[in-house]
Amino acid sequence: MTGNGMLRPDYALIGQWVKPGSRVLDLGCGDGELLRELMDSRQVTGYGVEIDDASILACVKKGVNVIQGDLEQGLSGFENDSFDYVILSRTLQTMRHTEGILKEMLRVGRQGIVTFPNFGYWKNRVQVWQGRMPRSADMPYQWYDTPNIHLCTVRDFEDLCAQHDLNILERVVLTHGRPVTLLPNLLGSLAVFRFEHRR
Amino acid sequence: MTHHEPTHRWIVTPQTARFTEPLVLQSGAVLNGYELVYETYGRLNADRTNAVLICHALSGNHHVAGYHSEQEKRPGWWDNMIGPGKPIDTERFFVIGVNNLGGCHGSTGPSSPNPDTGKPYGADFPLVTVEDWVTAQARLAEHLGVERFAAVVGGSLGGMQALQWSIQYPDWLDHCLVIAAAPKLTAQNIAFNDVARQAILTDPDFNGGHYYGGPGPKRGLRLARMLGHITYLSDDVMGSKFGRALRSGSYQFGFDVEFEIESYLRYQGDKFAESFDANTYLLMTKALDYFDPAQDLEGGLAEALRPAQANFLVISFTTDWRFSPQRSREIVEALLSNKRNVSYAEITHGHGHDAFLMVDPYYHGVVRAYMEKIKL
């Protein structure tokens, strides 16, 4: 969430990456905050996709285009190459069909932007080392009620990209909203990637 | 005109607009003159930017909200949606409800006198299409001094009209709300409609559609409505409302009413047959069957919707099997492929197609939020 009126740090980063006037699809767009911000500051056009009723309502209240649907069913309603960016923020780790959604993202869009909590973050490692499933600001759930089913580390995601011939264009790993350059897979709590198909 | 009475009741009075300019229908038939009955709610603002048109469904009419009198038992058919402070807020919008051409609630239709004969048109009333209705509604808008709609709104067959508005008069509407609708009927839907029509057409009292002055095909109309009613509900809601409950507690081994669901359907059928005109039912179901803006277009619905400029809100209901969510998604996908502004909400609701007429906090919340964002 946005503490004290500040945009979520991964949102701020995405805002810098997205070119003005581009077409954006935000998957699992939540209350539409990112799209609203991109519409206002970068004049983007596009849609959010959401499954949750309350989030749909919040999007409509913000004047954000939102399509109610389940990402697990794919993006069949969207045509090939119809977006400049397809964003999946803090949702990858909740997906059953992780590879499927990555493929779909680059089918309908030129570039993908993904953010996810880094399971390799040292505080998470400490909790696992202490014999417990980690909980943190980025993963604020108990093991039994978490929507996160496919947690991964920065290194895991990079391996997956390599396997699927995805070219990572940019990678920023954040802790407390600040970029971490030293040992990011250990010291970073939230990963933000921009990628495209290797051409 | 509308005005607030000292009581809570919101009394509205239908108006009639007369048109003398001939209307060439899609069938080629011509109506030389006709009347449309309508009601309005709220006030048209000085800039004339706040008009909202409500398109009615199969058996609907112009009476969308409020009451006609202190004695009227039930308010207009969408009173839970339209009114002061309601999702379509008449404090802000100037709402117009209109009875379609061919209707039986005052607008020119099969029961109106045919100027050529002086007798009711009956079967001689030409078949009208959704396109024809939209044309007639546009003329009503001009008559009311409305050049542009803030929104055109409709559910079911009304949603088809709203969709057609966005294609036929793209510059006339800023927003288009398509609720529990489909871009065209499926074969199954047409089949249901034809069974309903056959019930009417084969009624011994149908008399080729010229039954005014006689008993009329009440039995046929009753059957048609019973069939329709089944398709507007979901199996779940029928199960939970009636189940297999018996009126007298045990089987009677006869064909009188035994199950509660039979009693309910027969009651609904009777009530409808008393208040609705069979010729209008025939005509409205045909309009449903004919509607297909993508017909003859290679690009399908996306091509059909290419002219549309409006911002869209599309809403479907999970248990609506007559116009299922998949049908609404077809509309959404066609709009997406044209890069139009569109939001889509799929309402989890147990009541089937009729859910669009019911109060649901999420459903009404989405419509309210959408309407509130409309800039006037």
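The values are calculated or read from the model by the stated rules, or taken from the named source; none is laboratory data. All of these numbers come straight from a predicted model, not from anything done at the bench. Counting neighbours? That spans all protein chains shown, and the Cβs are built from the backbone with ideal geometry, glycine included. Calculation scope for accessible area: heavy atoms of the full protein, side chains included, ligands and nucleic acids excluded. Shrake-Rupley method; radii C 1.70, N 1.55, O 1.52, S 1.80 Å.
Observations on the model:
- Residue check for A:Trp122: touching a helix residue (DSSP H, G or I) at 6+ places or on another chain (Cβ under 9 Å), modelled with pLDDT of 95 or more and not acidic (Asp, Glu): yes
- Counted residues, segment A:65-98 - those being part of a loop (DSSP other than H, G, I, E, B), at the interface with chain B (Cβ under 8 Å from one of its Cβ atoms) and at pLDDT 95 or above: 5
- The set of residues in segment A:154-171 being assigned to a helix (DSSP H, G or I), surrounded by fewer than 18 Cβ atoms within 10 Å (Cβ to Cβ) and of a type in the set (A, V, I, L, M) consists of A:Leu160, A:Ala162.
- Considering residues of segment B:154-169 that are of a type outside the set (A, V, I, L, M, F, W, C) and open to solvent by less than 30 Å² (accessible area, probe 1.4 Å) only, the residue farthest from the chain's Cα centre (by Cα): B:Ser166
- Only listed residue being crowded, with 16+ Cβ neighbours inside 10 Å and either closer than 30 Å to B:Asn338 by Cα or out of contact with any helix residue (DSSP H, G or I) (no Cβ under 9 Å at 6 or more places or on another chain) (or both), chosen from A:Leu151, A:Leu92, A:Leu174: A:Leu92
- In segment B:174-200, of all residues being assigned to a loop (DSSP other than H, G, I, E, B) and open to solvent by 20 Å² or more (accessible area, probe 1.4 Å), the one that is nearest to B:Val52 (Cα to Cα) corresponds to B:Lys184.
- The listed residues are B:Val367, B:Val359, and the only one of them that is more than 26 Å from A:Val49 (Cβ to Cβ), of a type in the set (Val, Ile, Thr) and either open to solvent by 20 Å² or more (accessible area, probe 1.4 Å) or within 12 Å of another protein chain (Cβ to nearest Cβ) (or both) turns out to be B:Val359.
- Being in contact with a Leu (Cβ under 9 Å, 6 or more places away or on another chain), of a type in the set (Lys, Arg) and closer than 17 Å to A:Pro147 by Cβ holds for only one residue in A:Arg90, A:Arg135, A:Arg125, A:Arg96, and it is A:Arg90.
- In segment B:326-339, the residues that are facing chain A (nearest Cβ under 9 Å) and either on the phi > 0 side of the Ramachandran plot or not in a helix (DSSP H, G or I) (or both): B:Lys339
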